[in-house]
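One structure below.
The values are calculated or read from the model by the stated rules, or taken from the named source; none is laboratory data. What you see is a predicted model, and the numbers here were worked out from it, not measured in a lab. Glycine also receives a Cβ, built like all others from the backbone with ideal geometry; neighbour counts cover every protein chain displayed.
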Amino acid sequence: MAEIFRAAFISVDKGQMEACITGGMTKVQAYRRIILPQAARNALPATGNIFISLIKETSLAFTLGVVEIFAEAKMQAAESFRFFEAYLAVALIYWGLIIVYSYLQKLLEKYLDRPYRT
């Protein structure tokens, strides 16, 4: 994540800060009003992809002792011998989470893209 945000800050042209200072803004104002919004817009897609990967990989947390959706389904399926139904339910839950998050990310990207539309 740090690499994503570092790359997002680097992607904002240095001339933006120079223009802000020339226009009479302080550095804090320039970062808050100009630099950070542009960096956030650049970092959003990669950050969203990382978040989706984390959602999909939560089943790895079970190895650390954290009981989550997949682990609970595994324990329930072991009791009832209905593995297919349990895993199908988990797959649908993960699919739903990803669909909802992807939709919210799309809305946020559209909102951040408003000033750049022609």
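Points to keep in mind about this one:
- Hey, Gly65 small (Gly, Ala, Ser) and at pLDDT 85 or above or not: no
- Flag for Lys74 being part of a helix (DSSP H, G or I), free of Cβ contacts under 8 Å to residues at least 40 places away in the same chain and over 30 Å from Pro115 (Cβ atoms): yes
- Filtering region 3-18 to residues that are in contact (Cβ under 8 Å) with a residue 12 or more places away in the chain and outside any loop (DSSP other than H, G, I, E, B) leaves Ile4, Phe5, Ala7, Ala8, Phe9, Ser11, Gln16, Met17.
- Scan of region 94-118 for residues that are farther than 16 Å from Arg41 by Cα and either at pLDDT below 85 or among the acidic types (Asp, Glu) (or both), ordered by number: Tyr94, Thr118
- Verdict on Ala89 being assigned to a helix (DSSP H, G or I) and either in contact with a helix residue (DSSP H, G or I) (Cβ under 7 Å, 6 or more places away or on another chain) or in contact (Cβ under 8 Å) with a residue 60 or more places away in the chain (or both): yes
- Hey, Ile34 modelled with pLDDT of 90 or more and either surrounded by 11 or more Cβ atoms within 10 Å (Cβ to Cβ) or hydroxyl-bearing (Ser, Thr, Tyr) (or both) or not: yes
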